[in-house]
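Trainee: Have a look at this one.
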Amino acid sequence: MSIHKKGHSTKTTHENRARMLISCPDGPGIVATISQFLHQHGANIVQSDQYTIDPEGGMFFMRIEFDLLGLEQKIDMLKQDFASIADSFQMEWSIHQLSNKKKIAIFVSKEDHCLVELLWQWQAGDLDADITMVVSNHPDMKEYVESFGIPYHHIPVTADSKAEAEQKQLEVVNGKVDLIVLARYMQIVSPALIAPYRNRIINIHHSFLPAFVGGKPYAQAYERGVKIIGATAHYVTEELDGGPIIEQDIQRVSHRDDVNELKRIGRTIERVVLARAVKWHIDDAILVHQNKTVVFN
């Protein structure tokens, strides 16, 4: 067994840095008020992104990174003081300290390409988070995952045991993770798991033009002679594969590509698209509005 160096829990150098995410009805004075508030509290804005759907009656979205000396001691008061401003603009808002790394659970079945990509990026320090566990309905990747020093929970799922398995999954992740990543986890996630992790479960799936439903989508695509294949990463909702889309990508293919080559290309796209979506979530770069996302990347 090869032993991998456990990585990425190195403490961030930005111990005094935080991110603020805001969405609210658009109107005059929002940016000025937020900037003045942070200035009055001694914060220095280091990055700011904003977007409005429609300046007249639309929604406004903003992501700000700022430094504040002694943030750990001041964060609660900062949130308390900002609450009245947020109420006056009807804001949905949050403030995240960069030093508090998000904890991730990865769900996987037998296909390992998306899991491996996430572990590689985590090991390289490209995902500034803690992968606290891997949950799988198969034992296949237990040895590989544990070589990274990551706990592996094998919870079998059958038609008869699905409800019991889901209860075990809830017990395993409850209070221990901030984000669940379905890295080619080939089971439908129940509403019981979705509810406490609203907009915090990311899924990846292939997306062809045209769409092919049912089994063996790559074989169907080959038979139809598709010229483009791709992948979609999205948040999970009760509507199957219908949640807010975070990232997509495509690659052109041709008649020379057989089914195996289509699968190989598809796996590459899936792993890249999922890793991007996970990174953007970790970096607090995503704001969800209705069934769409605003991604400041």
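The values are calculated or read from the model by the stated rules, or taken from the named source; none is laboratory data. Please read these numbers as outputs of a predicted model, since none were measured by experiment. We place every Cβ from the backbone using ideal geometry, glycine too, and count neighbours over all the protein chains shown. Ligands, DNA and RNA are excluded from the accessible area calculation, which covers all protein heavy atoms including side chains. Shrake-Rupley method; radii C 1.70, N 1.55, O 1.52, S 1.80 Å.
Trainee: Could you list, in sequence order, all residues of the stretch 127-149 that are assigned to a loop (DSSP other than H, G, I, E, B), open to solvent by 50 Å² or more (accessible area, probe 1.4 Å) and under 17 Å from residue 113 (Cα atoms)? Give the steps one after another, and end with the answer.
Mentor: Our first condition is that a residue be assigned to a loop (DSSP other than H, G, I, E, B); within the stretch 127-149, this holds for 127-128, 137-141, 147-149.
Those left that are additionally open to solvent by 50 Å² or more (accessible area, probe 1.4 Å): 128, 138-140.
Passing the criteria: 138, 139, 140.
Trainee: Then there's this: If a residue has to be among the basic types (Lys, Arg) and more than 20 Å from residue 240 (Cα to Cα) to count, how many in the stretch 145-192 make the cut?
Mentor: 2
Trainee: Scan the stretch 52-87 for residues that are in a helix (DSSP H, G or I) and open to solvent by less than 50 Å² (accessible area, probe 1.4 Å) and jot them down.
Mentor: Step one: filter the stretch 52-87 for residues in a helix (DSSP H, G or I), giving 71-87.
Once the filter is applied, which keeps residues that are in a helix (DSSP H, G or I) and open to solvent by less than 50 Å² (accessible area, probe 1.4 Å), the stretch 52-87 yields 71, 75, 78, 82, 83, 85, 86.
Trainee: Counting only residues that are of a type in the set (Val, Ile, Thr) and either farther than 25 Å from residue 163 by Cα or crowded, with 19+ Cβ neighbours inside 10 Å (or both), which one in the stretch 178-200 is modelled with the lowest pLDDT? Show your work before the answer.
Mentor: Our first condition is that a residue be of a type in the set (Val, Ile, Thr); within the stretch 178-200, this holds for 180-181, 188-189, 194.
Filter again for either farther than 25 Å from residue 163 by Cα or crowded, with 19+ Cβ neighbours inside 10 Å (or both), leaving 180-181, 189.
On the way: 180: 98, 181: 98, 189: 92.
The selected residue is 189.
Trainee: Further question: Output yes when any residue across the stretch 98-118 is under 30 Å from residue 27 (Cα atoms) and not in a helix (DSSP H, G or I), and no when none is. Show your work before the answer.
Mentor: Applying the first criterion (under 30 Å from residue 27 (Cα atoms)) to the stretch 98-118 yields 98.
The next check asks that each one be not in a helix (DSSP H, G or I); those that pass are 98.
Taking every residue of the stretch 98-118 in turn, at least one turns out to be under 30 Å from residue 27 (Cα atoms) and not in a helix (DSSP H, G or I).
Trainee: Among the numbered conditions (1) open to solvent by less than 60 Å² (accessible area, probe 1.4 Å); (2) more than 23 Å from residue 162 (Cα to Cα), tell me where residue 203 comes up short.
Mentor: (2)
Every residue, every condition in (1) within 17 Å of residue 184 (Cβ to Cβ); (2) under 17 Å from the mean Cα position of the chain (by Cα); (3) touching a residue at least 60 places away in the same chain (Cβ under 8 Å); (4) crowded, with 17+ Cβ neighbours inside 10 Å, yes or no:
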| residue | (1), (2), (3), (4) |
| --- | --- |
| 89 | no, no, yes, yes |
| 92 | no, no, yes, no |
| 99 | no, no, yes, no |
| 102 | no, yes, yes, yes |
| 107 | yes, yes, yes, yes |
| 114 | yes, yes, yes, yes |
| 117 | yes, yes, yes, yes |
| 120 | yes, yes, no, no |
| 124 | no, no, yes, no |
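Trainee: Out of the residues in the stretch 126-165 that are under 21 Å from the mean Cα position of the chain (by Cα) and of a type in the set (D, E, K, R), state the one that is farthest from residue 280 (Cα to Cα).
Mentor: 130
Trainee: Could you go through the stretch 220-232 and let me know if any residue there is touching a strand residue (DSSP E or B) at 6+ places or on another chain (Cβ under 8 Å), surrounded by 14 or more Cβ atoms within 10 Å (Cβ to Cβ) and farther than 24 Å from residue 297 by Cα.
Mentor: If we filter the stretch 220-232 for residues that are touching a strand residue (DSSP E or B) at 6+ places or on another chain (Cβ under 8 Å), which is where we start, we get 221, 227-232.
Subsequent filtering for residues that are surrounded by 14 or more Cβ atoms within 10 Å (Cβ to Cβ) retains 221, 229-232.
So of that shortlist, the ones also farther than 24 Å from residue 297 by Cα come out as 221.
There is at least one residue in the stretch 220-232 that is touching a strand residue (DSSP E or B) at 6+ places or on another chain (Cβ under 8 Å), surrounded by 14 or more Cβ atoms within 10 Å (Cβ to Cβ) and farther than 24 Å from residue 297 by Cα.
Trainee: Just the residues that are among the hydroxyl-bearing types (Ser, Thr, Tyr) and closer than 20 Å to residue 179 by Cα, please, taken from the stretch 220-263. Steps first, please.
Mentor: First, the residues of the stretch 220-263 that are among the hydroxyl-bearing types (Ser, Thr, Tyr): 222, 232, 235, 237, 254.
Residues satisfying the conditions are 232, 235, 237.
Trainee: Which numbered condition trips up residue 295, out of (1) under 21 Å from residue 110 (Cβ atoms); (2) hydrophobic (A, V, I, L, M, F, W, C); (3) touching a helix residue (DSSP H, G or I) at 6+ places or on another chain (Cβ under 8 Å); (4) at pLDDT 95 or above?
Mentor: Only one criterion is unmet by residue 295, namely (1).
Trainee: Give me the helices (runs of 4 or more DSSP H) completely within the stretch 190-297, filtered to those with at least 3 residues that are out of contact with any His (no Cβ under 7 Å at 6 or more places or on another chain) and more than 30 Å from residue 126 (Cα to Cα), ordered by residue number. If you could, list the steps in order and put the result at the bottom.
Mentor: Numbers: elements: 191-194, 217-224, 259-282.
Of the helices (runs of 4 or more DSSP H) lying wholly inside the stretch 190-297, those with at least 3 residues that are out of contact with any His (no Cβ under 7 Å at 6 or more places or on another chain) and more than 30 Å from residue 126 (Cα to Cα) span 217-224.
Trainee: Continuing with the same structure: Tell me whether the stretch 259-275 contains one or more residues that are surrounded by 22 or more Cβ atoms within 10 Å (Cβ to Cβ), within 30 Å of residue 66 (Cβ to Cβ) and free of Cβ contacts under 8 Å to residues at least 60 places away in the same chain.
Mentor: no
Trainee: When you go through 213, 157 one by one, which is the residue that is open to solvent by less than 60 Å² (accessible area, probe 1.4 Å) and either polar (S, T, N, Q) or farther than 19 Å from residue 295 by Cβ (or both)? It would help to see each step written out before you state the result.
Mentor: Working: 213 fails: open to solvent by less than 60 Å² (accessible area, probe 1.4 Å).
Within the list 213, 157, the selection yields 157.
Table: residues versus (1) free of Cβ contacts under 8 Å to residues at least 60 places away in the same chain; (2) closer than 16 Å to residue 237 by Cα.
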{"site": "158", "(1), (2)": "yes, no"}
{"site": "161", "(1), (2)": "yes, no"}
{"site": "175", "(1), (2)": "yes, no"}
{"site": "182", "(1), (2)": "no, yes"}
{"site": "196", "(1), (2)": "yes, yes"}
